[in-house]
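**Student:** What follows is a single structure, and I will ask about it in a moment.
The values are calculated or read from the model by the stated rules, or taken from the named source; none is laboratory data. Computed from a predicted model, the values in this text were never measured in an experiment. Cβ placement follows ideal geometry from the backbone for every residue including glycine, while neighbour counts extend to all protein chains displayed.
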Amino acid sequence: MIGLTEQYLAPFAIALGATVQQIGALAAFPNLTASLFQLYSTSLAYRFTSRRAFIVMGVFIQALSLFPLAFLPYLHLKFEIILFIFLAVLFHTAGAMIGPVWGSLMSDHIPTQERGKYFGGRNQKLGLITVAANLSAGLILYAIHPSHPLVGFTVICTMAGAARLISARLLNEMEDLPLQVKHEDIFTFWMFVRRFRESNFVRFVLFVSSMTFAVNIAAPFFTVYMLRDLKLNYLIYTVVHLSALLTTLFSMRLWGEHADHVGNVGVLRLTSLFLPLIPMLWLVSGHPLYLIVIQVAAGFLWGGFNLSASNFIYDAVTPAKRMRCIAYFNVLNGTAISLGAIVGGYFASRIPPLFGFRILSIFLLSGLLRLLVVFLLRPTFQEVRPARKVTSLDLFFSVVGIKPLNFSVPASSLTGDQGVPA
């Protein structure tokens, strides 16, 4: 489902005639609504007899939202872009509602010391499926587009809905685990946010959310830039995107093994140093081969950043608080996605053009804000479990294979405070 939808909802909207501002809204409103609903997802999940039942319900709703989206072009409605955004809101909200519950259940299944390796390997396997689906979607659009521009999107959305129905059936067979929650483990969103000064986890959330805001000022518009401004066809667009996805896929296990030894914070600090460069490199050239090189670097960095950010959440909070903390993390991070897209959409038609394109000015702005986040917030949170203390330079040399680290180190070389509360 992810491979058939993640990179193709925006092109679908563009094919329907959406403006740049509407593409910004497509990125903003689904994430904003999904974030706000997660304020209540944990309380709602507690009313179910099992976390598994809640997950399956959300997946089923998500699947059903894709079928009307697939056939929307044939209704010939005056407000079809608005309805398109509404269906995207339903799709993302249903998926987001189950995220904290799924994360809570999975983290109860996987031992702490194996999470980096497990999720790295898991993401790598799932990535193979995502790549196959993504490439299939690109080929379908490329083959059908000349004669029937919208039929290809109908095909891939229908396939995505069918795939999600299958996953609902399979998730229903997942082993459920009871969740014990005490009164002291229940806290409101505002209680969570107010603990910024004393909470290591809240400072981590602020760092990731701020980075997300800076990233999403530009993120929705890479597609617009490639399809509208550079006029790349769907096949080249797919190849450029897949270059990042494939790199992320093959780097996941490597990042996971390093994170298990040097800690998730070490990986976050290393990767975040380079993230400001990515959108700025798009200013140099629009040649597809050059864009592929940039995407390879981006995929490698985001593979480490996203994997370690997810695993840090599992390490930093106790199981009873984990579902609520994941939900509140998603609220702030999803709101940051929405605000970033809104700000980017606002400036997309107002900011002075750079090298003839306003979108390139948006890319530069995103890079500068990422740099600001790195310098202001990167040092504010610490590792929460025993980990080998290494410099970012040593970690970089090890990850790229120049000078691999020796992971057989004595306990005295480890740092961290297992069990630091959220």
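**Student:** Sort out which residues of region 91-109 are under 15 Å from Thr318 (Cβ atoms) and of a type in the set (Val, Ile, Thr), and write them in order of number.
**Tutor:** Residues satisfying the conditions do not exist here.
**Student:** Suppose we keep only residues that are modelled with pLDDT of 85 or more and assigned to a loop (DSSP other than H, G, I, E, B) within region 344-358. Which one would you say is nearest to Trp282 (Cα to Cα)?
**Tutor:** The residue in question is Phe355.
**Student:** Okay, next question. Which of the residues belonging to region 200-229 are aliphatic (A, V, I, L, M) and in contact with a Pro (Cβ under 7 Å, 6 or more places away or on another chain)?
**Tutor:** Listed by number, the residues that qualify are Ala218, Leu227.
**Student:** Only one residue in Gly103, Gly95, Gly116, Gly121 is assigned to a helix (DSSP H, G or I) and at pLDDT 85 or above, so which one is that?
**Tutor:** Of the residues listed, the single one that is assigned to a helix (DSSP H, G or I) and at pLDDT 85 or above is Gly95.
**Student:** Ok, one more. Checking Leu232 against (1) farther than 23 Å from Gly367 by Cβ; (2) touching a Pro at 6+ places or on another chain (Cβ under 8 Å); (3) assigned to a loop (DSSP other than H, G, I, E, B), which single condition isn't satisfied?
**Tutor:** (1)
**Student:** Right, another one. For region 277-289, does any single residue satisfy the condition of being surrounded by fewer than 24 Cβ atoms within 10 Å (Cβ to Cβ) and closer than 23 Å to Pro379 by Cα?
**Tutor:** yes
**Student:** Here's something else I'd like to know. Need the failing condition index for Ser338 against (1) in contact with a Leu (Cβ under 8 Å, 6 or more places away or on another chain); (2) outside any helix (DSSP H, G or I), just the number.
**Tutor:** (2) is the only condition that Ser338 fails.
**Student:** If you scan region 360-399, which residues turn out to be farther than 23 Å from Phe204 by Cβ, crowded, with 19+ Cβ neighbours inside 10 Å and within 22 Å of the chain's Cα centre (by Cα)?
**Tutor:** Matches in region 360-399: Ile362, Phe363, Leu365.
**Student:** Another one. Would it be correct to say that Gly256 is at pLDDT 85 or above and buried (at least 21 other Cβ atoms within 10 Å of the Cβ)?
**Tutor:** no
**Student:** Another question about this same structure. Quick one: is Phe274 surrounded by fewer than 21 Cβ atoms within 10 Å (Cβ to Cβ), among the hydrophobic types (A, V, I, L, M, F, W, C) and at pLDDT below 90?
**Tutor:** For Phe274, the condition - surrounded by fewer than 21 Cβ atoms within 10 Å (Cβ to Cβ), among the hydrophobic types (A, V, I, L, M, F, W, C) and at pLDDT below 90 - is not met.
**Student:** Now for a separate question. Please find, among Leu36, Leu66, Leu26, Leu32, the residue that is in contact (Cβ under 8 Å) with a residue 60 or more places away in the chain, touching a Ser or Thr at 6+ places or on another chain (Cβ under 7 Å), assigned to a helix (DSSP H, G or I) and closer than 20 Å to Phe86 by Cβ.
**Tutor:** Working: Leu36 fails: touching a Ser or Thr at 6+ places or on another chain (Cβ under 7 Å); Leu66 fails: touching a Ser or Thr at 6+ places or on another chain (Cβ under 7 Å); Leu26 fails: touching a Ser or Thr at 6+ places or on another chain (Cβ under 7 Å).
Only one candidate qualifies: Leu32.
**Student:** While we're here: Looking for whichever is under 25 Å from Asn233 (Cβ atoms) and without any contact (Cβ under 8 Å) to a residue 60 or more places away in the chain here; the options are Arg350, Arg358. Which one fits? Steps first, please.
**Tutor:** On the way: Arg350 fails: under 25 Å from Asn233 (Cβ atoms).
After ruling out the rest, the residue left standing is Arg358.
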